[in-house]
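**Student:** Just passing along the structure, written as structure tokens.
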Amino acid sequence: MNNYDVIIIGAGVSGSAVARELSKYQLRTVVLDRNSDIGEGTSKANSGIVHAGFDAKPGTLKAKLNVEGSKMMPTLAKDLGIPFMQNGSMVVALSDEDIPHMQELYERGITNGVKDLRILTREEALSMEPNLSDDTKGALFAPTGGIICPFRLTSALAENANINGVDFHLLTEVTDIHAENGGYRIDAIRYGEFDGKRTEISYHASLIINAAGVYADKFHNMMTDDKLTITPRKGEYCLLDVTAGTHVGRTIFRMPSSLGKGILVSPTIHGNLLVGPTATDLDDKEGIYTTQEGLDAVNRPGASAVKDLPMREVITSFAGLRPHGDRGDFVIGEIEGHPNFIDVAAIESPGLTASPAIGVMVAKMVEERLHPDKNPNFTGTLKPFTYMKRLPLEEQKALIEKDPAYGNIICRCASVSEGEILETIRRPLGARTLDGVKRRTGANMGRCQGGFCYPKVMEILSRELNIPMDKITKKGYGSNILTGEIKQTEERS
Amino acid sequence: MNERIYDAIIVGGGPAGLAAALSLKDNNITDILILERDKELGGILNQCIHNGFGLHTFNEELTGPEYAARYIKMTEEAGIPYQLNTMVMDIQPVEENGKVFKAVTAMSATYGMQMLKAKAVLLAMGCREKPRGALNIPGYRPAGIYSAGTAQKFVNIDGLMPGKEVVILGSGDIGLIMARRMTLEGAKVKLVAEIMPYSGGLKRNIVQCLDDFHIPLLLSHTVIRILGEKRVEGVVIAKVDDNLKPIPGTEEEIKCDTLLLSVGLIPENELSRNMGIEMSAATRGAVVDDYLQTSCPGVFACGNVLHVHDLVDNVSKEAVTAGKNAADYIHSFGDQDTTLTNAVDPDTPLMKKFAARNATKNGVNPNDIITNADGSMTYTLPCINCPAGCIVQVTLKDGVVTDVSGNTCDRGETYARNEVTAPVRIVTSSVKVSGSDKPVVSVKTKDAIPKGKIDACIDAIRDLTIPAPVSIGDVIIPNVADTGIELIATSPASAL
């Protein structure tokens with residue numbers, strides 16, 4: 001039995017944000033996640049937008065935590081070295097009917113406490129963003145809207161929690177929870193990193209935080225008859241090459257509909273252009289596949305408020321599942337009749353933005369219940385990760401002189417050096433898979449999608465982790481890149 | 001820091017870069033530097049271990065590594081300096097003392113960050129393959145989806161297998177070559193699907209890479225879905241209509257663990273684009289004048305970075321021209337005026353020729369057999385000797401060839417005679433090496449062997465490991481599979 005004060009189920013952005021806040025206390029905390037890396041669920045496949053906060057209905061947790069999270073983000077990004085930029089966002093009115101809605105949205109934003117909101121005329125909007133649709137009637141402009149690296153946000157929160165004492169047990173899938181000895185017992189399966197071999201493992205803790213994303217309803221419903229339903233709401237995206245990255249400068253939404261914020265067009269913090277998402281409700285919580293219909297919907301001219309999208313520059317497409325709850329808001333709080341079982345559920349948009357504020361809110365609830373002492377050794381900053389191409393030339397030069405690995409370019413498309421890849425592998429909770437390296441460095445995220453750098457990144461992983469090439473995976477056991485050596489032809493006969 | 005001004009810097013040490021460097025040298029330019037991002041010279045040729053290179057340049061049929069080795073040797077002998085593992089990050093024209101120099105920023109572990117300058121720059125960065133994203137195939141994003149060239153690197157350079165049951169999308173030459181290569185290494189290649197009604201690859205490759213191994217080529221078919229979440233478990237293919245849209249009801253699920261993509265090549269022009277030189281939408285390379293000079297004076301382009309070539313021999317030829325023109329530019333550098341732009345026209349006959357080549361469509365292999373009135377049989381076959389792919393008619397009566405027509409060279413006649421009586425093939429593969437930093441060396445049969453002996457030849461090298469050092473031309477097996485033909489090394493491996 002592994003004894004902890006707090007168990008967090010789910011190492012996504014919410015779980016990791018809560019873990020970081022809890023690491024400010026003297027608590028034995030563990031985060032359990034079934035995947036092989038931090039943030040392998042919803043946190044890895046979303047828009048990477050820091051929403052200003054005008055969209056959510058006033059008085060909801062969504063509205064409150066969005067605005068708070070958005071205000072926390074610049075400092076957090078600086079402290080943890082997360083690529084972040086306040087590029088501003090626009091919601092574009094494309095018809096006369098949109099105008100009153102735009103006004104409503106403006107007023108909602110003011111009520112929610114969003115700063116510096118402005119309504120732009122067609123001319124103002126077009127002068128700022130010349131590629132807006134010809135139908136543009138006006139736009140709501142929020143200068144505090146931003147873009148962030150969702151991968152680094154999640155992994156940096158986790159890493160910071162980890163160096164302050166929080167354990168992360170990956171490849172650990174929670175199968176059962178029951179009340180035991182004034183706390184909770186968790187039964188789980190631990191998967192072998194390379195073979196997926198299943199081992200049973202149990203945990204006990206005084207307090208459980210259910211941050212299990214699309215599976216949060218499963219754990220909630222184990223405890224209570226007051227059922228919660230989380231519907232996986234699929235969003236499909238196309239990612240365009242950096243050559244298209246300046247098609248717009250700001251994040252461009254069109255007026256929202258009942259199914260969400262519509263197809264947005266935004267530069268990403270890595271300099272690409274992102275177009276999406278769709279919104280399709282699924283039954284399948286593992287349905288992270290793209291569909292022809294979805295990609296067609298993203299590609300349809302007029303789907304967004306931006307014209308002349310250079311869709312031939314698409315380098316990849318992907319799908320993510322938003323954990324859409326049936327209660328109209330984030331579900332954050334204790335389950336009635338189950339003291340110290342706290343849901344952090346239905347964290348759909350604007351969940352990424354809200355995550356730092358969710359962490360603070362949940363930590364406060366834990367403090368009220370467990371009365372822990374402060375952790376006097378808490379360090380709220382991380383040694384910044386080196387992003388070579390963001391450094392001035394002189395600094396790059398000095399760095400290579402100090403450590404030549406930073407001069408060895410591995411990923412041609414995104415100019416990622418061997419030094420950066422080594423860093424991501426060697427850091428706490430470091431990368432162990434190709435996707436892990438990709439999300440942390442951008443290597444094989446570029447236009448060739450790993451065509452050139454896959455073998456090179458694999459060699460580095462193999463060397464650093466001391467595992468043979470054919471054991472290297474894309475995203476954990478079962479996703480091996482290679483099937484063996486050449487000339488192994490036993491299956492031929 | 002290296003701040004001296006070179007006469008010429010060549011970006012890329014593949015076939016284009018090496019031929020350009022040698023051409024500069026032949027034209028009395030000696031102050032040259034080649035910058036190569038890989039750990040050896042030769043570019044992509046090093047992984048193209050199949051034969052078919054060099055018929056025009058050397059008048060003999062070589063494998064990729066052999067072709068590269070000849071140019072590397074000439075480069076070494078000419079004493080042309082080069083830097084390996086060095087990535088050019090940026091090129092910009094700079095005006096200094098009334099002259100336009102080219103500032104080249106390069107990065108490497110060995111040489112650090114270098115800001116170099118040159119009078120002329122030759123762009124020879126080659127091309128890359130289109131990835132899955134460019135196709136927008138729906139489905140999961142599992143392991144097991146690779147461009148054919150990535151698979152080629154794994155198999156031919158690293159001696160590693162990317163999969164066991166393979167579907168190939170796109171019938172580009174690398175895909176066809178890899179269909180054969182994976183088959184020879186024990187994988188099952190189930191089919192090649194091509195969305196167009198014709199193949200994008202050379203006829204010779206359809207014959208000797210697909211037909212020889214009974215691998216079906218499905219024209220007007222594409223992959224519409226990828227199955228499997230962690231590793232590819234299958235693909236769904238469908239027939240497409242005239243608008244290339246999948247036809248409902250024609251879907252078929254094919255079980256496989258690997259999808260290789262061979263859907264086209266794109267000149268790799270990020271550096272060119274960043275320096276602001278004018279690009280052609282038709283070729284995706286730079287727009288050049290008749291001297292292969294780009295819109296930036298003193299910047300020349302050649303090889304696959306300019307437009308995708310079918311044949312490396314033509315790359316070498318183009319690079320010789322670019323090198324000569326660059327030499328002329330450098331010789332008259334003192335007399336140049338300081339214009340920052342060179343007027344280029346995307347509609348010159350030369351540019352149109354590049355674009356047309358790029359759009360070349362290779363017809364379906366017409367292996368027709370007609371029975372004539374006199375009982376003789378006339379076979380229509382594409383000659384596989386070189387990329388020209390001449391269609392040859394050969395008539396056979398009572399097992400004797402009575403007529404050959406349509407060939408444009410003697411090799412074509414020999415091929416056609418053999419093909420209908422006793423077909424032969426040159427076999428290319430690799431052999432494991434011990435005591436070297438290279439896991440494998442590539443090999444070939446020194447001459448063609450009977451087609452029926454291919455399997456025996458592959459069996460003979462399956463469990464073979466040879467000690468380093470290995471030099472090109474070393475005899476690995478004197479009489480492979482009792483054919484009387486030598487199996488020889490086509491790439492070197494030095495001892496540790």
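**Student:** Between B:D328 and B:L84, with labels modelled 7 Å along Cα→Cβ, what's the label distance in nm to one decimal, could you check?
**Tutor:** My value for the distance between the label points is 3.6 nm.
**Student:** Cα atoms only, the stretch B:428-489: Rg and Dmax in Å?
**Tutor:** For the stretch B:428-489, the Cα radius of gyration and maximum Cα-Cα distance read 11.1, 34 Å.
**Student:** Still on this structure: So for the stretch B:113-198, if I pair up every lysine 8 or more residues apart or on another chain, how many of those pairs have alpha-carbons under 22 Å apart? Before the final figure, lay out each step's value.
**Tutor:** Values: B:K130/B:K153; B:K130/B:K190; B:K153/B:K164; B:K153/B:K188; B:K153/B:K190; B:K164/B:K188; B:K164/B:K190.
Close lysine pairs found across the stretch B:113-198: 7.
**Student:** May I pose another question? How many angstrom lie between the C-alpha centres of the stretch B:218-236 and the stretch A:315-339?
**Tutor:** Taking the Cα centre of each part, the stretch B:218-236 and the stretch A:315-339 sit 32 Å apart.
**Student:** Let me ask something else. Where both partners of a DSSP beta bridge lie in the stretch B:428-489, what percent of those bridges are antiparallel, to the nearest 5?
**Tutor:** On the way: 10 of 13 bridges.
Just about 75 percent of them are antiparallel.
**Student:** Another question about this same structure. Provide, for the stretch A:1-149, the number of lysine pairs with alpha carbons under 26 Å apart, each pair being eight or more places apart or on different chains.
**Tutor:** Lysine pairs meeting both conditions in the stretch A:1-149 amount to 21.
**Student:** A further question follows. Give or take rounding to whole Å, what are the principal axis extents of the alpha carbon atoms in the stretch B:61-216, in descending order?
**Tutor:** 64, 40, 31
**Student:** What order do you get for B:E60, A:E459 when you list them from fewest to most C-beta neighbours inside 10 Å? Could you put the intermediate results ahead of the total?
**Tutor:** On the way: B:E60 10, A:E459 15.
With the sparsest Cβ surroundings first, the list reads B:E60, A:E459.
**Student:** While we're here: Take the Cα atoms of the stretch A:354-431, build their convex hull, and give its volume per residue in Å³.
**Tutor:** Working: hull volume 11.6 nm³, N = 78.
Measuring per residue, one finds 149 Å³ for the Cα hull of the stretch A:354-431.
**Student:** Separate question: With only alpha-carbon pairs counted, each pair once and no self-pairs, how large is the Kirkwood hydrodynamic radius of the stretch B:1-105 in angstroms?
**Tutor:** Numbers: mean 1/r = 0.0676 Å⁻¹.
Mean inverse Cα-Cα distance, inverted, gives 14.8 Å.
**Student:** Still on this structure, I have one more. Just need the relative contact order of the stretch B:356-476 here, percent rounded to a whole number, with Cα pairs under 8 Å and 6+ apart.
**Tutor:** Details: 174 pairs, mean separation 18.2, N = 121.
Relative contact order, the stretch B:356-476: 15 percent.
**Student:** Using only the Cα atoms of chain B, construct the convex hull and provide its projected area averaged over every direction, in square nanometres to one decimal. Let's see the in-between values first.
**Tutor:** On the way: hull surface 103.3 nm².
Taking the Cα atoms of chain B, their convex hull projects to 25.8 nm² on average.
**Student:** Could you please tell me the mean projected area of the C-alpha convex hull for the stretch B:225-339, averaged over all directions and given in square nanometres to one decimal? Don't jump to the answer; show the numbers that get you there.
**Tutor:** On the way: hull surface 45.5 nm².
Average of the hull's projected areas for the stretch B:225-339 equals 11.4 nm².
**Student:** Using alpha carbon centroids, what distance separates the stretch B:19-61 and the stretch A:1-79, in Å?
**Tutor:** 54
**Student:** Let me ask something else. To the nearest 10 degrees, how steeply does helix B:64-77 sit against the main Cα axis of chain B, on a 0 to 90 scale?
**Tutor:** Helix B:64-77 and the main axis of chain B meet at about 30 degrees.
**Student:** Aspartates and glutamates near A:K227 by alpha-carbon distance under 13 Å, same-chain residues fewer than 8 away left out - which ones?
**Tutor:** List returned: A:D217, A:D326, A:E336, A:D343.
**Student:** Just to confirm the number: angle between the C-alpha axis of helix B:349-358 and the first principal axis of chain B, 0 to 90 degrees, nearest 10?
**Tutor:** For helix B:349-358, the angle is close to 40 degrees.
**Student:** Based on alpha-carbon atoms only, what is the radius of gyration of chain A relative to the globular estimate 2.2 N^0.38 Å?
**Tutor:** Details: Rg = 22.6 Å, N = 493, 2.2 N^0.38 = 23.2 Å.
Cα-based Rg divided by the globular estimate yields 0.97.
**Student:** Compute the long axis of helix B:15-26 from its Cα atoms, compare it with the longest principal axis of the Cα atoms of chain B, and write down the angle in degrees, 0 to 90, nearest 10.
**Tutor:** Once rounded, one gets 50 degrees.
**Student:** I need to check one value: relative contact order of the stretch A:388-471, counting alpha carbon pairs closer than 8 Å and at least 6 residues apart, in percent. Write down the numbers at each step before the final one.
**Tutor:** On the way: 103 pairs, mean separation 19.7, N = 84.
For the stretch A:388-471, the relative contact order is 23 percent.
**Student:** Excluding residues fewer than 8 places away in the same chain, name every one of the aspartates and glutamates whose C-alpha is closer than 19 Å to that of B:K317.
**Tutor:** B:D26, B:E60, B:E61, B:E66, B:D289, B:D290, B:D328
**Student:** Still on this structure, please answer the following. Any idea what % of Cα-Cα pairs in the stretch B:132-263 are farther than 20 Å? It would help to have the intermediate numbers written out before the result.
**Tutor:** Working: 3290 of 8646 pairs.
Considering the stretch B:132-263, 38 percent of its Cα-Cα pairs are separated by more than 20 Å.
**Student:** On to the next question. List the relative contact order of the stretch B:369-421 as a percent without decimals, with contacts defined as Cα pairs under 8 Å and 6+ residues apart. Can you show the working numbers first?
**Tutor:** Numbers: 90 pairs, mean separation 15.2, N = 53.
Dividing the mean separation by the residue count of the stretch B:369-421 yields 29 percent.
**Student:** Cα atoms only, the stretch B:41-95: Rg and Dmax in Å?
**Tutor:** For the stretch B:41-95, the Cα-based Rg and Dmax read 14.7, 46 Å.
**Student:** Ratio to report: Rg/Rh of the stretch B:179-246, with Cα atoms as the point set and Rh obtained by the Kirkwood method; give two decimals. Mind dumping the intermediate values first?
**Tutor:** Details: Rg = 13.2 Å, Rh = 13.1 Å.
Radius of gyration relative to Kirkwood radius: 1.01.
**Student:** Out of all Cα-Cα pairs in the protein assembly as shown, roughly what percent, to the nearest whole number, are more than 51 Å apart?
**Tutor:** Tail fraction, whole percent: 25.
**Student:** Continuing with this model, one more query. Whole-Hz Karplus ³J(HN,Hα) for the stretch B:311-324, in order, using 6.51 cos²θ - 1.76 cosθ + 1.60 and θ = phi - 60°, x for Gly and Pro?
**Tutor:** Computed from phi, the couplings for the stretch B:311-324 are 9, 5, 4, 6, 4, 4, 5, 4, 5, 4, 4, 4, x, 5 Hz.
**Student:** Let me see the P(r) profile for the stretch A:388-471: every Cα-Cα distance counted, bins of 5 Å, each bin given as a percent of all pairs.
**Tutor:** Pairs per bin, as whole percents: 3, 16, 27, 24, 18, 9, 2, 1.
**Student:** Indicate the helices, whole DSSP H runs only, in chain A that combine a mean Kyte-Doolittle hydropathy of -1.0 or more with a Cα extent along their long axis of 24 angstrom or more.
**Tutor:** On the way: long enough: A:61-80 (25 Å, -0.14); A:351-370 (27 Å, 0.73).
Going by DSSP H runs, the hits are A:61-80, A:351-370.
**Student:** From zero up to wherever the largest Cα-Cα distance of the stretch A:160-289 sits, split into 5 Å bins and tell me the percent of pairs in each.
**Tutor:** Distribution as computed: 2, 8, 12, 13, 14, 13, 13, 12, 8, 4, 1, 0 percent.
**Student:** Under 17 Å between C-alpha atoms is the cut-off here; go through the stretch A:388-471 and count lysine pairs that meet it, provided they're at least eight residues apart or on different chains. Can you show the working numbers first?
**Tutor:** On the way: A:K389/A:K397; A:K389/A:K402; A:K389/A:K438; A:K438/A:K456; A:K456/A:K471.
Counting lysine pairs in the stretch A:388-471 gives 5.
**Student:** Return, in residue-number order, each cysteine of chain A whose C-beta is not under 4.7 Å from any other cysteine's C-beta.
**Tutor:** A:C149, A:C238, A:C413, A:C448
**Student:** Let me ask something additional. Full-extension gain between B:A456 and B:D482, please, as 0.36 nm times their residue separation minus the C-alpha to C-alpha distance. Write out the running numbers ahead of the final one.
**Tutor:** Values: separation 26, 0.36 × 26 = 9.36 nm, distance 0.90 nm.
Here the answer is 8.5 nm.
**Student:** Sticking with this structure for a sec: Under a plain spin-label model, where a point goes 7 Å from the Cα along Cα-to-Cβ, how far apart in nm are A:Q488 and A:A179?
**Tutor:** 5.2
**Student:** How big is the stretch B:369-421 in terms of Cα radius of gyration and Dmax, in angstroms?
**Tutor:** 10.6, 34
Bear in mind these aren't lab numbers, they're just calculated from the coordinates by the rules spelled out. Note that the structure is predicted; figures quoted are calculated from it, not measured. Heads up, the Cβs are rebuilt from the backbone with ideal geometry, glycines too, and the neighbour counts pull from every protein chain shown.
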